[in-house]
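The values are calculated or read from the model by the stated rules, or taken from the named source; none is laboratory data. Computed from a prediction, not measured in an experiment: that's the story for all the values here. Neighbour counts run over all protein chains shown; Cβ positions are idealised from the backbone, glycine included. With ligands, DNA and RNA removed, areas are computed over all heavy atoms of the protein, side chains included. Shrake-Rupley method; radii C 1.70, N 1.55, O 1.52, S 1.80 Å.
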Amino acid sequence: MTTNTATPADDFAGQYIPTLVDRWDELIDWELREQGEQGFFVEILAEAGARRVLDAASGTGYHSVMLARHGFDVTAADGSAEMIDRTRANAARHGQRFPVVRTDWRELRDHVDGRYDAIVCLGSSFPHLFQESDRRAVLAEFHEALNPGGVLVVDHRNFDSIRRHRYQSSGNYYYCGTGASVSVAHIDDRLCRFRYEFPDRSTHHLEVYPILSAELSGLLRESGFDSVEEFGDFRRDFDRDEVDFVIHVARKA
Ligand code: SAH
């Protein structure tokens, strides 16, 4: 379905309805996703000397569980009650114990105690913020919750390419499940609507703000982060037209 109505769904939690959340792990495939990452996040956090890590968009808990298994002291947070339930269930299933907190990023300081060595916000979650004022406010919350020398890792799909109508997905990163197909149903400079189709032909849509790479790097610097590095599909040298995802690694002085 292609539609030209561009009315962004600002209500991120309302987009993660049970029928989509139930299929999230099928969509991402934990094992293939971990293979695709090749230890990238563990390496970045270890290099930064991080111990306490906040997974700010835990979703079904994939990164929280993976990082806890690698010995990090993890707190999982997410604004969706549905997702938080899945994080708890998956942590229990994998024998990991860590605090799981439901909070909107905009109210982070009211819900976490803010002494983290690292914050990860992954799986193209940050683009759920449609307003620039919210993006700035959330980066300020993340900056505040980090210890000096702390690191923020935040990623997004390659909207630079998508906005030029060049959506492609290698299927090797992030969304690694083979059953579902993802396509772009609508794109302009304010709204990207993804369409997910599952093997039983059921469909879901997710609406996000198609943030540009330079836009996020700029906001990170303006939010007080010191060095901001960009990676494409986990590589330092990457072709901006080719990668599926861009990952920003920002350090607090
Ligand atoms: N990181 C997970 C989930 C990605 S889906 C993964 O990679 O698999 C995006 C997640 O961001 C959802 O769980 C959604 O609830 C969360 N999210 C979006 N906007 C948010 C906000 N303002 N505050 C808290 N969580 C938010």
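When only Cα pairs below 8 angstrom with a gap of at least 6 residues are kept, the stretch 170-230 shows a relative contact order of 21 percent.
Per residue, the chain exposes an accessible area of 43 Å² to a 1.4 Å probe, with every protein chain left in place.
Here the label points at Arg240 and Ala92, each 7 Å from Cα along the C-beta direction, are separated by 4.7 nm in the simple model. Ignoring ligands, DNA and RNA, what percent of the accessible area of the chain is carbon or sulfur (1.4 Å)? Ligands and nucleic acids excluded, carbon and sulfur give 45 percent. At 222 nm, what helix-only mean residue ellipticity would the chain give, in deg cm²/dmol to the nearest 500, using -39500 (n - 2.57) for each DSSP H run of four or more? Roughly -8500 deg cm²/dmol at 222 nm, from the helical runs in the chain. Sparsely packed loop sites in the stretch 223-253 (the trypsin sites (Lys or Arg not before Pro) outside DSSP H, G, I, E and B with at most 11 other Cβ atoms within 10 Å) comprise Arg236. Full extension of the chain between Val182 and Arg136 gives 13.7 nm of extra length, using 0.36 nm per residue less the Cα-Cα distance. For the peptides 11-17, 157-163, the ranking by mean Cβ contacts within 10 Å, running from highest to lowest, is 157-163, 11-17.
Stretched out straight at 0.36 nm per residue, the stretch from Glu197 to Leu212 would grow longer than its current Cα-Cα span by 2.8 nm. To the nearest 10, the accessible area of Val65 is 0 Å² with a 1.4 Å probe.
Mean separation of Cα pairs under 8 Å and 6 or more residues apart, divided by the residue count, gives the chain a relative contact order of 21 percent.
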